[in-house]
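J.: This is the structure I have questions about; it appears just below.
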Amino acid sequence: MSIHLGNGDIVLMIALALFGTLVVAIRFRPRNVFILFLEALLVDALAVLAVVALEIVPVLLA
């Protein structure tokens, strides 16, 4: 099983990560910069996993 991420996939990862980080920062208003950093890192990791999952699902269903 080979997964090839193109430019569109990378752009989608960045867009999801930025949007998710913005939503988390506005919604929860962390009091500490370190907590904001951890939340942003978690959102970024989840954005990457979401795009990779979208690439794997068609392979699994075929």
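J.: What does the C-alpha gyration tensor say about the overall shape of the chain? Classify as rounded when a/c is under 1.5, otherwise prolate if a/b is larger than b/c, or oblate. Before the final figure, lay out each step's value.
T.: Working: a/c = 3.22, a/b = 2.74, b/c = 1.18.
Because a/c hits 1.5 or more and a/b exceeds b/c, the chain counts as prolate.
J.: Can you tell me which of 35-44, 6-15 comes out highest on packing, and rank the rest after it, using the mean Cβ neighbours within 10 Å?
T.: On the way: 35-44: 14.6, 6-15: 12.5.
With the highest mean Cβ count within 10 Å placed first, the list reads 35-44, 6-15.
J.: Compute the distance in nm between two label points, each set 7 Å from the Cα along the Cα-to-Cβ direction, one at residue 24 and one at residue 49.
T.: Label at residue 24, label at residue 49, 1.1 nm between them.
J.: Express the accessible area of the chain per residue in Å², computed with a 1.4 Å probe while the remaining protein chains stay in the model. If you can, show how the numbers build up before the last one.
T.: Values: 4980 Å² over 62 residues.
Counting only protein heavy atoms, the per-residue value for the chain is 80 Å².
J.: Could you tally the net charge around residue 49, taking each other residue with its Cβ under 13 Å from the Cβ of residue 49, Lys/Arg +1 and Asp/Glu -1? Can you show the working numbers first?
T.: Details: positive: none; negative: 9, 44, 55.
Computed value for this residue: -3.
J.: Given points 7 Å out from each Cα along the Cα-Cβ axis, report the residue 10 to residue 42 separation in nanometres with one decimal.
T.: Here the modelled spin labels are 2.8 nm apart.
J.: Expressed as a rounded percentage, what relative contact order does the chain have, with Cα pairs under 8 Å and six or more residues apart?
T.: Details: 33 pairs, mean separation 29.3, N = 62.
RCO, the chain: 47 percent.
The values are calculated or read from the model by the stated rules, or taken from the named source; none is laboratory data. What you see is a predicted model; the values in this text were computed from it and never measured. Every residue, glycine among them, receives a Cβ derived from its backbone with ideal geometry; neighbour counts consider all protein chains shown. All accessible areas refer to the heavy atoms of the entire protein, side chains included, with ligands and DNA or RNA removed. Shrake-Rupley method; radii C 1.70, N 1.55, O 1.52, S 1.80 Å.
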